[in-house]
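Inspection log for the structure reproduced underneath, given as structure tokens.
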Amino acid sequence: MKISKIFVAGLLLIPTILLGRAAASGEGSESQEKSYNLQPSIETGERTSTLRDLALAISSGSAAMAPFHGSQSEDEENKDNFIPSIPGMQCYIDRILNYVSCYSSPLGSGEAGNLFTRLIFELKSALPADRWAGVKREPVIDSIQGYLYEDQKSDAHIDIDVIAQAGLDKSDLYIVSLFAWTY
């Protein structure tokens, strides 16, 4: 019983250690991103593992994406549900081009910024630094923040954006999007 408690405690500390290492080795351009609350959770560990598996698959080419195809999506034509899911996001994989598109539900400014920052740090800790390079990039259409990870050997990309949306009650809402594809 004591050993299982120690084991569970150790599993809960791993995301904390990984996030701490990612924050400690961060670049100066991430100073604004570090100001968000980065409390670890079990969800964080699940998301990091899924992101690591996704990065490995997209850097290996289209054939490696096959295990991620789930059932046909009812919401998106020509797309399958992405398996395993990325906690906090709805993800699809295109049946023809094998790119992955993920969207969060509409969030407030702080929640969107927090998810955006978590995804950046989780990818940073999950991706091999000798192969993947991350860089803050200029926002694209409707985007207010953007970050790009690029595999230096395969030209695979993972884009993360915060997209502004006007809410029905005129309050600002944001969606965090993640796109991953091979070239």
Pick from ASP130, ASP155: which is free of Cβ contacts under 8 Å to residues at least 24 places away in the same chain and either surrounded by 15 or more Cβ atoms within 10 Å (Cβ to Cβ) or among the acidic types (Asp, Glu) (or both)?
ASP130
If GLN145 passes every condition in (1) open to solvent by less than 70 Å² (accessible area, probe 1.4 Å); (2) assigned to a loop (DSSP other than H, G, I, E, B); (3) not small (Gly, Ala, Ser) but one, which one does it miss?
(2)
Take segment 83-99 and flag every residue that is within 14 Å of SER71 (Cα to Cα), of a type outside the set (Asp, Glu) and either at pLDDT below 90 or out of contact with any Asp or Glu (no Cβ under 6 Å at 6 or more places or on another chain) (or both).
ILE83, PRO84, SER85, GLN90, CYS91, ARG95
Looking at segment 151-160, is at least one residue assigned to a loop (DSSP other than H, G, I, E, B), within 19 Å of LEU51 (Cα to Cα) and among the hydrophobic types (A, V, I, L, M, F, W, C)?
yes
Of all residues being part of a strand (DSSP E or B) and touching a Pro at 6+ places or on another chain (Cβ under 9 Å) in segment 164-181, which is modelled with the lowest pLDDT? Just the residue, please.
GLN165
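The values are calculated or read from the model by the stated rules, or taken from the named source; none is laboratory data. These numbers come from a predicted model, not from an experiment. Ideal geometry is used to build each Cβ from the backbone, glycine not excepted, and the neighbour counts take in all protein chains shown. All accessible areas refer to the heavy atoms of the entire protein, side chains included, with ligands and DNA or RNA removed. Shrake-Rupley method; radii C 1.70, N 1.55, O 1.52, S 1.80 Å.
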